[in-house]
């Protein structure tokens, strides 16, 4: 088990050296529609978090070309919609995904609980989530990814953001002046790590994306959403894998800061699921 923990830390360390040049790309070149005047307002960042996001974006982490599988994951960090836990629930997961050949795109979405006077979950945050996935698909050829294998990875409140696009139709407007907005904004699969309670729909539609779910049993917030989603997925007879860890509480991030062995190895469980679902098969990748 010590070997597994050391391996994960090594992977993250290698990723840290390889990804110093990660690029941040605004979701809209001129700013979010209706809020263009706020796009130049600086973000606030300290320690592990980022907030004051008025120009939503994706930060691009691409795997080494010799490892690339063609699969991509759009990451929604948590933070209670008041901030984003950008490092531990954005950057670190991106580096891990790169180590297994998956392209990663961290979304800085607008925070409706930080500035509820102008933003809402069902309007601006949902708009950011759809736009992020559509933007990634629109540049699939450039980033060497398969547009039919674009999933999401989300943590805590980020799971509530992921739910906005997972259970509703994602087809864009065919008449939209911006070609990106004409694309599909629904993920092909989703990875949910202690997802928030607002992310549980009344029912799971028959075409919902396959899901990997995990939370700790002693999580006061987000064990129940995993159990509920598992039951709803099983009722819908859709592919799902769920793990309820004995301990770990809330916010164990990528596991490596925990003293619990079951928490430390959870990224490998996620990688195993991706492999078993054939999302790690090399496809349409130019070497």
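Note on segment 130-144: residues that are under 16 Å from the mean Cα position of the chain (by Cα) and either over 16 Å from residue 97 (Cβ atoms) or in a loop (DSSP other than H, G, I, E, B) (or both) amount to 5. Checking each residue in segment 29-52 for being in contact (Cβ under 8 Å) with a residue 60 or more places away in the chain, buried (at least 17 other Cβ atoms within 10 Å of the Cβ) and either in a strand (DSSP E or B) or in contact with a strand residue (DSSP E or B) (Cβ under 9 Å, 6 or more places away or on another chain) (or both) picks out 32, 51. Name the residue that is surrounded by the most Cβ atoms within 10 Å (Cβ to Cβ), counting only residues in segment 258-273 that are touching a helix residue (DSSP H, G or I) at 6+ places or on another chain (Cβ under 9 Å) and touching a residue at least 40 places away in the same chain (Cβ under 8 Å). Restricting to residues being touching a helix residue (DSSP H, G or I) at 6+ places or on another chain (Cβ under 9 Å) and touching a residue at least 40 places away in the same chain (Cβ under 8 Å), the top hit is 267. With a requirement of 3 or more residues that are out of contact with any strand residue (DSSP E or B) (no Cβ under 8 Å at 6 or more places or on another chain), the helices (runs of 4 or more DSSP H) lying completely within segment 202-287 that satisfy it span 223-236, 266-276. The single residue among 63, 77 that is over 15 Å from the mean Cα position of the chain (by Cα), surrounded by 24 or more Cβ atoms within 10 Å (Cβ to Cβ) and under 23 Å from residue 268 (Cα atoms) turns out to be 63.
Taken together, the residues in segment 70-129 that are farther than 17 Å from residue 56 by Cβ, in a loop (DSSP other than H, G, I, E, B) and in contact (Cβ under 8 Å) with a residue 60 or more places away in the chain amount to 6.
Coordinate-derived values only; no laboratory data. Everything numeric in this text was worked out from a predicted model, so none of it was measured. Neighbour counts run over all protein chains shown; Cβ positions are idealised from the backbone, glycine included.
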